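The values are calculated or read from the model by the stated rules, or taken from the named source; none is laboratory data. Worth saying up front: this structure is predicted, and the values here are computed from it rather than measured. Reconstructed Cβ throughout: ideal geometry from the backbone, glycine too, with neighbour counts over all protein chains shown. Quick note on the areas: whole protein, heavy atoms, side chains included, nothing else; ligands and nucleic acids left out. Shrake-Rupley method; radii C 1.70, N 1.55, O 1.52, S 1.80 Å.
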Amino acid sequence: MALREIRTIGDEVLRKKCKPVREVNDRVRMLLQDIEDTLRSDENGAGLAAPQIGILRRLIVVNAPDGEYLKLVNPEIVASDGEHEVVEGCLSVPGRWGKLMRPVKVTVKALDENGKEVTIEAENDYAKLFCHEIDHLDGVLFIDKVTEFIDDDEDWEEDDEDDEDGEDDEDLDETDQENE
């Protein structure tokens, strides 16, 4: 199929809520394949949501624990249990990693690429992956939920708030402004 450009922070499409897919057809299957192909092309990716390639539809692809790629239409978390601190990053927020809270277990209902209803029980990292990708469908990025950044720039947020001269940094690029 086709490799698509992964949209990064600052692209307004990442902040928009996706529309549900009304019918699983060849066009939807082609989009799911494009998402999978794009995900496979990046060795750091565990999942990818449609808005990350500029498509405002409720579609995700995740790399399952068995190594298979799971293509889902209109996924939703219908139950969750527990909570724990996890570390996340995102292909759309390159170079940023952070700690945040996610459920230990989730139950996800969706349609597969053939329009058949599926229910998935996921725990730990697999549950985190579903939460992360489904958040994308609602315009939510992991940085919105981070309690502590852990990348090389972990002090960026604090530095901006506690500027020594008391003035706002005027030279912030669009990415830093979006992350504030």
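What per residue convex hull volume, in Å³, do the alpha-carbon atoms of region 1-153 yield? If you can, show how the numbers build up before the last one.
Values: hull volume 15.7 nm³, N = 153.
Each residue corresponds to 103 Å³ of Cα convex hull volume.
Suppose we take every Cα in region 46-127 and form the convex hull; what volume per residue is that in Å³?
Details: hull volume 8.1 nm³, N = 82.
For region 46-127, the hull spanned by Cα atoms encloses 99 Å³ per residue.
Computed over the Cα atoms of region 92-143, what is the convex hull's projected area averaged over all directions, in nm²? Let's see the in-between values first.
On the way: hull surface 17.2 nm².
One quarter of the hull surface, i.e. the mean projection, equals 4.3 nm².
When the solvent-accessible surface of protein heavy atoms is calculated with a 1.4 angstrom probe, in what order do 96, 15 fall, highest first? Could the numbers behind the result be given before it?
On the way: 96 15, 15 80 Å².
Highest to lowest solvent-accessible surface, that is 15, 96.
If amide hydrogens are placed 1.01 Å from N in the peptide plane, which non-local residues have theirs closer than 5 Å to the one on residue 96?
The answer is 90.
Rounded to whole Hz and in sequence order, give me ³J(HN,Hα) for region 141-147 from the Karplus expression 6.51 cos²θ - 1.76 cosθ + 1.60, θ = phi - 60°, writing x for Gly and Pro.
These are the phi-based 3J(HN,Hα) values: 9, 4, 5, 6, 10, 5, 9 Hz.
How large is the Rg to Rh ratio of region 15-89 when both quantities use alpha carbon positions and Rh follows Kirkwood? Walk me through the intermediate numbers first.
Working: Rg = 13.3 Å, Rh = 13.5 Å.
On the Cα set of region 15-89, Rg over Rh gives 0.98.
Within region 47-62, name every residue whose backbone N is under 12 Å away from a label modeled 7 Å from Cα of residue 19 along the Cβ vector.
Counting backbone N atoms under 12 Å from the label point, the list is 56-58.
Once phi is turned into ³J(HN,Hα) by the Karplus curve 6.51 cos²θ - 1.76 cosθ + 1.60 with θ = phi - 60°, what whole-Hz value does each residue of region 61-72 show in order, with x for glycine and proline?
10, 10, 8, 6, x, 7, x, 7, 9, 9, 9, 10
Mind listing the long-range amide H neighbours of residue 104? Cut-off is under 5 Å, sequence gap 5 or more, other chains count too, H placed in the peptide plane at 1.01 Å from N.
Those qualifying (amide H under 5 Å, at least 5 residues apart or on another chain) are 81, 82, 83, 84.
Take the alpha carbon gyration tensor of region 1-55, find the square roots of its eigenvalues, order them as a ≥ b ≥ c, and report rounded if a/c is under 1.5; if not, report prolate when a/b exceeds b/c, else oblate. Don't jump to the answer; show the numbers that get you there.
Numbers: a/c = 2.15, a/b = 1.10, b/c = 1.96.
Here region 1-55 falls in the oblate category.
Using Cα centres only, tell me the gap between region 1-77 and region 114-132 in whole Å.
14 Å
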